[in-house]
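Encoded as structure tokens, the structure appears first; notes follow it.
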Amino acid sequence: MGSYAAGIITLLAINCIAAMGVSLFTGFTGIFTLGHAGYMAIGAYTAAILTVRYEVYWLFAIFGGGLAGMAIAYLIGLPTLRLIGDYYTIASLGLGEAIRLVIENWNSMTRGARGFPGIDNFATLPAVLGITAVMAVAMFFIINSNFGRAFKACRDDDVAALLLGFHTSRYRVLSLAISGFYCGVSGALFGGFMGFIQPVMFDMAKSTELVSIVVFGGLGSMSGCLLGTGILTLVTEVFRPISQYRMLIYGIVLVLVMVLRPEGLLGTSELSPAYIKRLLGKAAAAGKAASGEADPR
């Protein structure tokens, strides 16, 4: 495999980890967010500082970046997740930018807007694919566990969930903490892949990109989130030679999917053999119906 193709696959896998975190919080818990790039920034800078300044082994540094993102997400969630709906979305936007600005102005620790150079290239293709696979399996276990069912109950009807005995605010905070861990790991791997990080890499546009991927794949579908990540990442890379138009094409793809399938690529379904068989059955039935209409008899 060429270095360019390996790099694209590595970047795609890193984006998948962050998208899974956002999907858990937005798609399965039902809380719209615009600040998860901040947790990626925390993970990226934590891993960079640990590996460059303290010579911590890269795997432990990645785990440390995830834990740092998780801790900050938990502390932020305690006071803010009492807010509901658009109020939390606005708060998350401000918090994400606040995290970025703190990193940008903490020159003694993060080198500020100049960026943090000299990060070891520990995010190799085998390492990233292995971590992505482990975290994907863990995420599917989470969404199919009692916690996952509680998250979905909070999403579908938080009042009914509260009456049934679910501590909804506690589950929201837990969902945000797990989501922050995934974004922190993704940010740590991103820093190891790029070798250099700057606060501007984790601005509001990055948060919007993550949410777009989740909506594109389908709110409430983890496999749809992974599929959407692959499609949108490849779209931006395939059309890189026409860089002045590629974001236009990216936007057109998003609009077409939202118009043709408002629920996203997979909606709330998971990409399983049963789902594929059902799709093939519908396609075959549609083909028979079309051939019947074309029959002159």
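Screening Leu219, Leu164 for residues that are surrounded by fewer than 17 Cβ atoms within 10 Å (Cβ to Cβ) and at pLDDT below 90 leaves exactly one candidate, Leu164. Look at segment 1-23: where a residue is without any contact (Cβ under 8 Å) to a residue 24 or more places away in the chain and over 11 Å from Thr132 (Cβ atoms), no partner that is among the small types (Gly, Ala, Ser) and part of a helix (DSSP H, G or I) sits 6+ places away or on another chain with Cβ atoms under 6 Å. Tell me, please, whether a residue that is modelled with pLDDT of 90 or more, in contact with a Phe, Trp or Tyr (Cβ under 7 Å, 6 or more places away or on another chain), surrounded by fewer than 19 Cβ atoms within 10 Å (Cβ to Cβ) and outside any helix (DSSP H, G or I) can be found in segment 136-144. For segment 136-144, residues modelled with pLDDT of 90 or more, in contact with a Phe, Trp or Tyr (Cβ under 7 Å, 6 or more places away or on another chain), surrounded by fewer than 19 Cβ atoms within 10 Å (Cβ to Cβ) and outside any helix (DSSP H, G or I): absent. For segment 258-288, filtering for residues that are at pLDDT 80 or above and of a type in the set (A, V, I, L, M, F, W, C) leaves 4. Could you tell me whether Ala47 is in contact (Cβ under 8 Å) with a residue 40 or more places away in the chain, over 22 Å from Ser212 (Cβ atoms) and touching a Phe, Trp or Tyr at 6+ places or on another chain (Cβ under 9 Å)? So Ala47 passes the test.
In segment 218-271, of all residues being of a type outside the set (Gly, Ala, Ser) and touching a residue at least 60 places away in the same chain (Cβ under 8 Å), the one that is farthest from Leu11 (Cα to Cα) corresponds to Leu219.
In this structure, Asp120 does not satisfy being surrounded by 14 or more Cβ atoms within 10 Å (Cβ to Cβ) and modelled with pLDDT under 90.
The set of residues from segment 59-77 being more than 17 Å from Leu24 (Cβ to Cβ), of a type outside the set (Gly, Ala, Ser) and in contact with a helix residue (DSSP H, G or I) (Cβ under 6 Å, 6 or more places away or on another chain) comprises just one member, Ile62.
The lone criterion from (1) under 23 Å from Thr29 (Cα atoms); (2) touching a strand residue (DSSP E or B) at 6+ places or on another chain (Cβ under 8 Å) left unmet by Val211 is number (2).
Yes or no, residue by residue, for (1) among the polar types (S, T, N, Q); (2) in contact (Cβ under 8 Å) with a residue 24 or more places away in the chain; (3) under 21 Å from His36 (Cβ atoms); (4) touching a helix residue (DSSP H, G or I) at 6+ places or on another chain (Cβ under 6 Å):
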position: Thr51; (1), (2), (3), (4): yes, yes, no, yes
position: Tyr57; (1), (2), (3), (4): no, no, no, no
position: Thr89; (1), (2), (3), (4): yes, yes, yes, no
position: Gly94; (1), (2), (3), (4): no, yes, yes, no
position: Pro117; (1), (2), (3), (4): no, yes, no, no
position: Phe122; (1), (2), (3), (4): no, yes, no, yes
position: Val134; (1), (2), (3), (4): no, no, yes, no
position: Ala138; (1), (2), (3), (4): no, no, yes, no
position: Asn146; (1), (2), (3), (4): yes, no, no, no
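Exactly one residue among Arg111, Arg100 is at pLDDT 90 or above and in contact with a Pro (Cβ under 7 Å, 6 or more places away or on another chain), and that residue is Arg100.
The values are calculated or read from the model by the stated rules, or taken from the named source; none is laboratory data. None of these values were measured; they are calculated from a predicted model. Methodologically, a virtual Cβ is constructed for each residue, glycine included, from the backbone with ideal geometry; neighbour enumeration extends over all protein chains shown.
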